[in-house]
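Written out below as structure tokens is the structure these notes cover.
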Amino acid sequence: MKLFLNKLKPFLVSILIGFLCVSCAFLPSLSYNPWQLISLDAESTFADIDFTNDSNHGWLVGTRATLFETKDGGDNWQQKIIDLGEEKVNFTGVSFYDNEGWITGMPSVLLHTNNGGETWERIPLSEKLPGSPYDITALDDQTAEMVTNLGAIYKTTDGGKTWKALVEGAVGVARSITRSADGKYVAVSARGNFYSTWQPGDTEWTPHQRTSSRRLQNMGFLDGGDRLWLIARGGQIQFSKPNNFEEWEEAITPEYATSWGFLDLTVQNQEQIWLAGGSGNLLLSKDNGQSWFKDREIESVPSNLYKIVFVGENKGFILGERGVLLKYNTQSADVSQSSAT
């Protein structure tokens, strides 16, 4: 009997530990859902979104040369077709300054408009361009900064007629490349085993070792470019120390149960952080990542959530696949916050 109990004891302990882990794995539910589901007639994965100087007039791009236009702030969208011949193109980025806009695409597409998208012209690109156009940022009249998927950075000040290289060497094939508001870049290597940073004035990218044995999934900037955030495999997120891209705060695992699928993170204001991922996984932290809530109404959305974009503190979108787009509903948020107080 004693021998039987001794054998049974480890089994019971394992069950107890498993029960405690499961009970800790489930996050509290968000008391409200501020996101409105918009389903568009498309099979593509959306990549980027931006608006003209008219906050109601915006453009949404994605794979399969998908292009949608809205004139009511994002409630309704109309698909637009740009004739690119027989090319199979994935649009990767869109950016506007006033009514002047740019669209990047792979394998080698750059589009430009001066009239809010009423017409688009194709900008010729050199066959010697290192990599494919990955993203672009409209900075001023006739001025934009483009980065390729190999980390080559170019700037134009004449509407795309000529381009100046800002970095002498490319970084290599990147999983993701993100630009800060003040012109810094961070790139995650294709395999996620290291990351590189670049800031205006540098001639080369600076490589950095990843912060742990976990491979990197995605990275971006906080505080206008003074800090970095990262998402690592296994659902860990981490924030760098201010003005130091080598020293990091303790890693955070927001949700043990499903955190393997995190894909993007963004800060809505100084303290609210949204974290999105696979299978409609959407979390919110109201205290800089110390505690988290789960938006369980979004769990039923049949899509991976790839990118979160706020074009203003209360104007945001989450980009998914198979035509799924989420729009931030400020009225829902305002009602919930007033009832909570």
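The values are calculated or read from the model by the stated rules, or taken from the named source; none is laboratory data. Predicted model only: the values in this text are computed from it and were never measured. Here Cβ is always computed from backbone atoms with ideal geometry, including for glycine, and neighbour counts include all displayed protein chains. For accessibility, only protein heavy atoms count, side chains too; no ligands or nucleic acids. Shrake-Rupley method; radii C 1.70, N 1.55, O 1.52, S 1.80 Å.
Descriptive notes on the structure:
- The stretch 44-170 has equivalent-ellipsoid semi-axes of 23, 17, 12 Å, by the square roots of 5 times the alpha carbon gyration tensor eigenvalues, sorted largest first.
- Positive minus negative residues near Leu166 (Lys, Arg vs Asp, Glu; Cβ under 13 Å): 0
- For the pair the stretch 49-86 and the stretch 290-323, the centres of their Cα atoms are 19 angstrom apart.
- Accessible surface, the stretch 44-170, averaged per residue in Å² (probe 1.4 Å): 46 Å²
- Charge dipole magnitude, Cβ of K and R +1, D and E -1 - the chain, Cα centre, debye nearest 20: 1880 debye
- Dipole in debye (nearest 20) - the stretch 22-98, about Cα centre, beta carbon charges: Lys, Arg +1; Asp, Glu -1: 300 debye
- Asn99 paired with Asp41, simple spin-label distance in nm, labels 7 Å along Cα-to-beta-carbon: 2.9 nm
- Once the Cβ-Cβ distance of Ser126 and Lys88 is raised to the sixth power relative to R0 = 22 Å, the FRET efficiency obtained is 0.60.
- Taking the C-alpha atoms only, the angle from helix 2-25 to the longest principal axis of the chain is near 30 degrees.
- As a calculated quantity, the FRET efficiency between Asp75 and Lys241 at R0 = 45 Å, using C-beta atoms, amounts to about 0.65.
- Given their separation in residues at 0.36 nm each and the Cα-Cα distance between them, Asp158 and Ala190 gain 8.3 nm when the chain is fully extended.
- Cα point-scatterer Debye curve for the stretch 21-108, base-10 log of I(q)/I(0) at q = 0.18, 0.20, 0.22 Å⁻¹: -0.81, -0.94, -1.08
- The residue list Val94, Thr52, Gly277 was ranked by how far each Cα lies along the charge dipole of the chain toward its positive end, using unit charges on Cβ atoms, and Gly277 comes out on top.
- Pairwise label distance in nanometres, Ala251 with Gln270, each label 7 Å out on the Cα-Cβ vector: 3.0 nm
- Stretched out straight at 0.36 nm per residue, the stretch from Asp54 to Ser300 would grow longer than its current Cα-Cα span by 85.3 nm.
- In the frame of its principal axes, the chain has Cα extents of 85, 44, 41 Å, reported largest first.
- Whole-percent carbon and sulfur share, accessible surface of the stretch 93-216, 1.4 Å: 46 percent
- Label point 7 Å beyond Cα of Arg233 along Cβ direction - residues of the stretch 241-280 with amide nitrogen under 20 Å: 251-265, 276-279
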